[in-house]
Amino acid sequence: MATSVPAPVAPDSTESGLPSGESRPAIIETQDLSLYYGASQALKSISLKIPEKLVTAFIGPSGCGKSTLLRCFNRMNDLISGVRISGNCQIGGHNIFSPEVDVIELRKRVGMVFQRSNPFPKSIHDNIAYGLRLHGTRNRSEISGIVEKSLRGAALWDEVKDRLHESALGLSGGQQQRLCIARAIAIQPQILLM
């Protein structure tokens, strides 16, 4: 089902912390963004601006294109055979569909937590440390500090601090989801999609 997503509503000045009449610059901007799975159109001419440093939610029925749109922002749709995208998407003023874009660097800047939790078949600690190591962090004490900070940020530290070296697959569903959030925030993305 194709859908057009309305532009987010700007908060009033008391919520944004900005003087009345001022708005935050857009961190993500799309113009006539359409996406096709083969001949089937999933997104239709979406144009929107998402302000930086604000939580923005897309709300709609199952199958309306919310997750498909989010996957556009870090080019996860590139991994799906038969997908075709037209239009423009800019993050921080740069066209993310440009051939010069390093997709790995883009995904480092634009993290994503999927609807279904997907912990790696590793320990709780190693789930968080994985992205850090992948991006070149080797210092064990630095990694341990970031693991703790990320688990605290995802409200999971107190529940797992005594079993960091146990399998993440033994966590409850809600704990696994928070583990995935901690894993995403560990590499400090500029944008986090959920």
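Every number in this text was worked out from the coordinates using simple rules, so none of it is lab data. Keep in mind it's a predicted model, so treat the numbers as computed, not measured. Please note: Cβ atoms are built from the backbone with ideal geometry, for glycine as well, and neighbour counts cover all protein chains shown.
Karplus-based coupling profile of the range 97-109, in residue order and whole Hz: 8, 5, x, 6, 6, 7, 5, 5, 5, 4, 5, 6, 6, with θ = phi - 60° in 6.51 cos²θ - 1.76 cosθ + 1.60 and x standing for Gly or Pro. Extending 7 Å from Cα along the Cβ direction at R152 and again at S86 yields two label points whose distance is 5.1 nm. Where only DSSP H runs of four or more residues are counted, the chain gives -9000 deg cm²/dmol as its mean residue ellipticity at 222 nm, each run worth -39500 (n - 2.57).
For G87, the residues 5 or more places off, or on other chains, whose built amide H falls under 5 Å of its own are S34. The lysines whose alpha-carbon is closer than 27 Å to the alpha-carbon of K161, local same-chain residues fewer than 8 away aside, are K108, K122, K149. Here the Karplus curve 6.51 cos²θ - 1.76 cosθ + 1.60, taken at θ = phi - 60°, turns the phi angles of the range 117-123 into couplings of 5, 9, x, 6, x, 9, 5 Hz, with x standing for Gly and Pro.
Could you compute the FRET efficiency for S144 and N118, with r as their C-beta to C-beta distance and R0 at 25 Å, rounded to 0.05? Efficiency, rounded to the nearest 0.05: 0.60. For the range 135-165, backbone nitrogen atoms closer than 11 Å to the point 7 Å from V55 Cα along Cα-to-C-beta are found at no residue.
Equivalent ellipsoid of the range 107-194: semi-axes from √(5λ) of the C-alpha gyration tensor, largest first, are 17, 16, 11 Å.
Comparing mean-square fluctuations of V101, V147, V113 from a GNM of the chain with C-alpha springs under 10 Å, the top value falls on V101. Projecting label points 7 angstrom from Cα along Cα→Cβ for E159 and Y36 puts them 4.4 nm apart. Across every direction, the projection of the convex hull enclosing the Cα atoms of the range 45-175 has a mean area of 10.3 nm². Ordering of 78-88, 170-180, 63-73 by packing is 63-73, 170-180, 78-88, highest average first (other Cβ atoms within 10 Å, averaged per residue).
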